[in-house]
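Just so it is clear, none of the values below were taken in a lab; they were calculated from the coordinates. In this text, all values refer to a predicted model and were calculated from it rather than measured experimentally. Counting neighbours? That spans all protein chains shown, and the Cβs are built from the backbone with ideal geometry, glycine included.
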Amino acid sequence: MTGRLDGAPFGLSLLAAGILFAPSALKGVTPSLLDVGEEVPTSFEDVYLEQYAPVVLAGVSYFFNDDGIHGRELWRSDGTSEGTRLVVDLCPGSCGAVWLQTFPGLAVAGGRVVFAGNDGVHGVELWGSDGTPEGTSLLGDLLPGLASSVPGNFTTVNERAFFWLTHDPYSRELWVADGTSEGTELVAPVDFLPHGYPTCSTALGELLIFGSDSGGLWRSDGTQEGTFSLSPVAVWQQGWMNNAPFARLGGRVVFWGRAPEASGATLWATDGTPEGTEEI
């Protein structure tokens, strides 16, 4: 039977929310408030930052925060007030290291946290951290100077983080990093424009599955030869930029898609191959 959606694709999002926030996952947990020095969001900028979900590495949560002194920087927390602290003031003073337009801004790769940061010297570039000031370093000045390569849309696949670079308004490049400078490399240029920017992605086994509402559905195994289009079907998502339109079920990725010339969205699934991408 084919599911159909003529409005916003809320059904899949509710399914994902039900899995992620099941009450059974909270048994035995006593909630408490950690003061990290930030007020309740009151501006568009602060609400916009709610997209930046923390990542967990070795039992420690990493996230971006502005304590009112250092600007928006990388922080870490083990769930206690004593264990919640600034990792490093990457852009010294109140300037803040985190650029607001990376989607999302954090990932885990090779036992480190990777993120897009600005130290005030290199522009917005790729950084890695083991959770200590001395273990935080620039992984690559991928567009030398203050012009910035602007790494964004990070997705972790099997201990590596895929991300996108923007060199000019008309081209995007898919890169991958394993948490080291040597392991940060170009996968393939993917020219979406005028067909759309890749706005959503997820991991499926060893593959990155990604797409957009006008660029179709793609996959990558981390090589140029293994990066190609799976289908022209538009990936329909609620909101903008990585707003979880994908769900992994039974070895496949399920999503709402709109076939070319179709008037509305229907439920689709892919196993990472063109022949295994189909309406369900």
| said: Is there a quick way to get the dipole size of the range 76-138? I mean about its Cα centre, with the Cβ of Lys and Arg at +1 and of Asp and Glu at -1; what is the value in debye to the nearest 20? | reply: 140 debye
| field | Surrounding net charge for residue 180, when Lys and Arg each add one and Asp and Glu each subtract one, Cβ distance under 14 Å | value | -3
| message | Tell me the net charge near residue 131. Cut-off is 14 Å between Cβ atoms, residue 131 excluded, with +1 for each Lys or Arg and -1 for each Asp or Glu. | response | -1
| query | In sequence order, what are the phi-derived ³J(HN,Hα) couplings for the range 273-278 according to the Karplus relation 6.51 cos²θ - 1.76 cosθ + 1.60 with θ = phi - 60°, rounded to whole Hz, with x for glycine and proline? | reply | 10, x, 5, x, 9, 8
| field | Net +/- balance of residues flanking residue 211 in space, Cβ distance below 12 Å, scoring K and R +1, D and E -1 | value | +1
